[in-house]
Amino acid sequence: NDQFGILDAMKHLGLEEVNNGTSTGLNSFSNGRIIESYSPVNGELIGKVKATTAEDYEKVMQTAQEAYKSWKLVPAPKRGDIVRQIGEELRANKEHLGKLVSYEMGKSLQEGLGEVQEMIDICDFAVGLSRQLYGLTMHSERPMHRMYEQWHPIGIVGVISAFNFPVAVWSWNTMIAWVCGDVCVWKPSSKTPLCAVACQNIIAKVFKANDIQEGVCNLVVGNECGDLMNNDHRIPLVSFTGSTRIGRHVSKTVAERFGNTILELGGNNAIIVSEHADINMVLVGAVFGAVGTAGQRCTSTRRLIIHESVYDKTIQVLQSAYAQLKIGNPLDAANHVGPLIDKGAVQDYLNAIEKAKQEGGKIIVEGGVVEGAGYESGCYVKPCIIEAKNEFEIVQAETFAPILYVMKYNNIEEAIAMQNGVPQGLSSSIFTNNMREMELFLSHAGSDCGIANVNIGTSGAEIGGAFGGEKETGGGRESGSDAWKAYMRRQTNTINYGSQLPLAQGIKFDF
Ligand code: UN1
């Protein structure tokens, strides 16, 4: 029974063998233990893949090193043209890949398709970028001298991605790195390995058609590969998306060998609901932010900071919206909320609610695990709302689940202090039609986050902007704007075209 066309999608993505339950090598070098992928949608085994052993990893790295030698010499606009073809291939596979993302990760089909759209968009962005890797020129203080900067590729970029955006976050890093002239080694989450194999299959076709040698696009699977990458001096840049706890370890390990990192870690994102807010807009922004992707985006809305004069009204409309939410199979467009990734995540959700209650939180919308027909995977939970204090320990932490904490404020300065009063600094937003409040929120006296929005929720950022956040979110930026600079090394060049050799700073050195 293939009601939602999963088998068909997997066939199109070259995952037939995986689906038959036979283990399939991710690439010719995977010989390790078997990793099974279960769908949180119905609890069924989707397929098995083999992990990359330390020996396999070595072969992957050698292939990558070899490939880098020729890839970096391909002119950037030509590399861009290959990324353009990848974008075309993704367009052709959007339905299939979107469906697999939805089935393996558990997000709604709409969001699965949206994630593939982000991949297509970053391809388009990268194609344009491939002709715009600009360096500055500057005036030398010495006569008949020219100074300028160029950007060179850095080598092998390691991408360690999370389960919640199993394909898009990889593409933000990789498409940019490729036009920059780097080659990539990708370690996807062990919870969503099939999405990664599907991407590898899509991309391999394009590289083959263009006669590009193997090793520009590499995949390694299994958590043990993480530390192999972190400790590997052949990888000058590791881009890591995941928890603050693991991010701290990645940061230290890579810094120890003077490697660079791009860290996209936890968020604890708040919306300030001003007394000047349009409540209908708040409703869409806050509910999508809190329950979309079952609260498993790093940009998910975790806290609502509501002006005391509109508090009761806001709670009322939220309660009635939550009462209408349909929880169920995310491939069915009638449902709003899909499952959490696994039972471990369900336990974390239950523990967080318990902890919030112990700390004095008041339940506004009751949570709990959903049981019965259609919920056999045990991963479906009810989105809940808890009235809490910002300083509660549980409110200060990120729980990857649909739990929304609500709290009151009295004046805008207090609201901004509450919004900033957490260890994380990813996304933030204010709903207001008051120009002074809005500008204050966006000013340096306002939000301390990497993303600050007005009359838009905290999640759903476009790829064109630089994405990332401050404090325990890790400080990294990826995707649009000039985030590409992290994937290249900067070289300052000074050329003397005169017949004298004057020294800088006016120093005389005659002999
Ligand atoms: C993430 O959750 O890791 O802004 C990335 C958003 C998405 C990306 C989230 N464009 O919600």
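The values are calculated or read from the model by the stated rules, or taken from the named source; none is laboratory data. All figures in this text were calculated on a predicted structure; none of them were measured in a lab. We place every Cβ from the backbone using ideal geometry, glycine too, and count neighbours over all the protein chains shown. To get the accessible areas, we keep the full protein, side chains included, count just its heavy atoms, and leave off ligands, DNA and RNA. Shrake-Rupley method; radii C 1.70, N 1.55, O 1.52, S 1.80 Å.
If only one of 438, 488 is in contact with a Pro (Cβ under 8 Å, 6 or more places away or on another chain) and crowded, with 18+ Cβ neighbours inside 10 Å, which one is it?
On the way: 438 fails: in contact with a Pro (Cβ under 8 Å, 6 or more places away or on another chain).
After applying the criteria, what remains is 488.
For the stretch 220-236, state whether one or more residues are open to solvent by less than 10 Å² (accessible area, probe 1.4 Å), within 21 Å of residue 120 (Cβ to Cβ), more than 14 Å from the chain's Cα centre (by Cα) and not small (Gly, Ala, Ser).
Within the stretch 220-236 (the criterion being open to solvent by less than 10 Å² (accessible area, probe 1.4 Å), within 21 Å of residue 120 (Cβ to Cβ), more than 14 Å from the chain's Cα centre (by Cα) and not small (Gly, Ala, Ser)), the answer is no, since none of the residues qualifies.
Residue check, residue 41 against (1) at pLDDT 90 or above; (2) part of a helix (DSSP H, G or I), all met but one. Which one?
Residue 41 satisfies all of (1) at pLDDT 90 or above; (2) part of a helix (DSSP H, G or I) except (2).
Kindly check whether there is at least one residue in the stretch 220-231 that is touching a residue at least 24 places away in the same chain (Cβ under 8 Å) and closer than 30 Å to residue 303 by Cα.
First pass over the stretch 220-231, keeping only residues touching a residue at least 24 places away in the same chain (Cβ under 8 Å): 220-231.
With the extra rule that they be closer than 30 Å to residue 303 by Cα, the set shrinks to none.
No, the stretch 220-231 contains no residue that is touching a residue at least 24 places away in the same chain (Cβ under 8 Å) and closer than 30 Å to residue 303 by Cα.
Given (1) more than 12 Å from the chain's Cα centre (by Cα); (2) part of a helix (DSSP H, G or I), identify the lone condition not met by residue 171.
Failed condition: (1).
How many of the residues making up the stretch 269-290 are in contact (Cβ under 8 Å) with a residue 60 or more places away in the chain and either over 16 Å from residue 398 (Cβ atoms) or of a type in the set (Ser, Thr, Tyr) (or both)? Steps first, answer last, please.
Kept after step one, since they are in contact (Cβ under 8 Å) with a residue 60 or more places away in the chain, are these residues of the stretch 269-290: 269-274, 276-278, 281-282, 284-286, 288-290.
Those still in the list that are either over 16 Å from residue 398 (Cβ atoms) or of a type in the set (Ser, Thr, Tyr) (or both) too: 272-274, 276-278, 281-282, 284-286, 288.
Qualifying residue count for the region: 12.
Yes or no: the stretch 101-117 includes at least one residue that is assigned to a loop (DSSP other than H, G, I, E, B), among the basic types (Lys, Arg) and in contact with a helix residue (DSSP H, G or I) (Cβ under 7 Å, 6 or more places away or on another chain). So that I can check it myself, show each step before the final result.
Here is the first cut: in the stretch 101-117, the ones assigned to a loop (DSSP other than H, G, I, E, B) are 106-108.
Then keep just the ones that are among the basic types (Lys, Arg); that gives 107.
Now drop any that are not in contact with a helix residue (DSSP H, G or I) (Cβ under 7 Å, 6 or more places away or on another chain), which leaves 107.
Within the stretch 101-117 (the criterion being assigned to a loop (DSSP other than H, G, I, E, B), among the basic types (Lys, Arg) and in contact with a helix residue (DSSP H, G or I) (Cβ under 7 Å, 6 or more places away or on another chain)), the answer is yes, since at least one residue qualifies.
Of the numbered conditions (1) more than 12 Å from the ligand (Cβ to nearest atom); (2) under 30 Å from residue 267 (Cα atoms); (3) not in a helix (DSSP H, G or I), residue 162 satisfies every one except a single condition; which is it?
Going through the list (1) more than 12 Å from the ligand (Cβ to nearest atom); (2) under 30 Å from residue 267 (Cα atoms); (3) not in a helix (DSSP H, G or I), residue 162 breaks only (1).
Among 428, 447, 481, which is under 28 Å from residue 173 (Cα atoms), within 16 Å of the ligand (Cβ to nearest atom) and surrounded by fewer than 22 Cβ atoms within 10 Å (Cβ to Cβ)?
Details: 428 fails: surrounded by fewer than 22 Cβ atoms within 10 Å (Cβ to Cβ); 447 fails: surrounded by fewer than 22 Cβ atoms within 10 Å (Cβ to Cβ).
After applying the criteria, what remains is 481.
Conditions: (1) over 22 Å from residue 40 (Cβ atoms); (2) crowded, with 23+ Cβ neighbours inside 10 Å; (3) polar (S, T, N, Q). Residue 70 meets all but one. Number of the miss?
(2)
Failed condition for residue 210, given (1) surrounded by fewer than 21 Cβ atoms within 10 Å (Cβ to Cβ); (2) closer than 19 Å to residue 62 by Cβ, with all others met?
Going through (1) surrounded by fewer than 21 Cβ atoms within 10 Å (Cβ to Cβ); (2) closer than 19 Å to residue 62 by Cβ one by one, residue 210 breaks only (2).
Give the residues of the stretch 150-196 that are touching a Phe, Trp or Tyr at 6+ places or on another chain (Cβ under 9 Å), open to solvent by 20 Å² or more (accessible area, probe 1.4 Å) and over 30 Å from residue 16 (Cα atoms), sorted by residue number.
Of everything in the stretch 150-196, those that are touching a Phe, Trp or Tyr at 6+ places or on another chain (Cβ under 9 Å), open to solvent by 20 Å² or more (accessible area, probe 1.4 Å) and over 30 Å from residue 16 (Cα atoms) turn out to be 151, 153, 154.
Identify, from the list 127, 185, the residue that is out of contact with any Ser or Thr (no Cβ under 6 Å at 6 or more places or on another chain) and either part of a strand (DSSP E or B) or within 16 Å of the ligand (Cβ to nearest atom) (or both). Break it down stepwise before answering.
Working: 127 fails: either part of a strand (DSSP E or B) or within 16 Å of the ligand (Cβ to nearest atom) (or both).
Of 127, 185, the one residue that is out of contact with any Ser or Thr (no Cβ under 6 Å at 6 or more places or on another chain) and either part of a strand (DSSP E or B) or within 16 Å of the ligand (Cβ to nearest atom) (or both) is 185.
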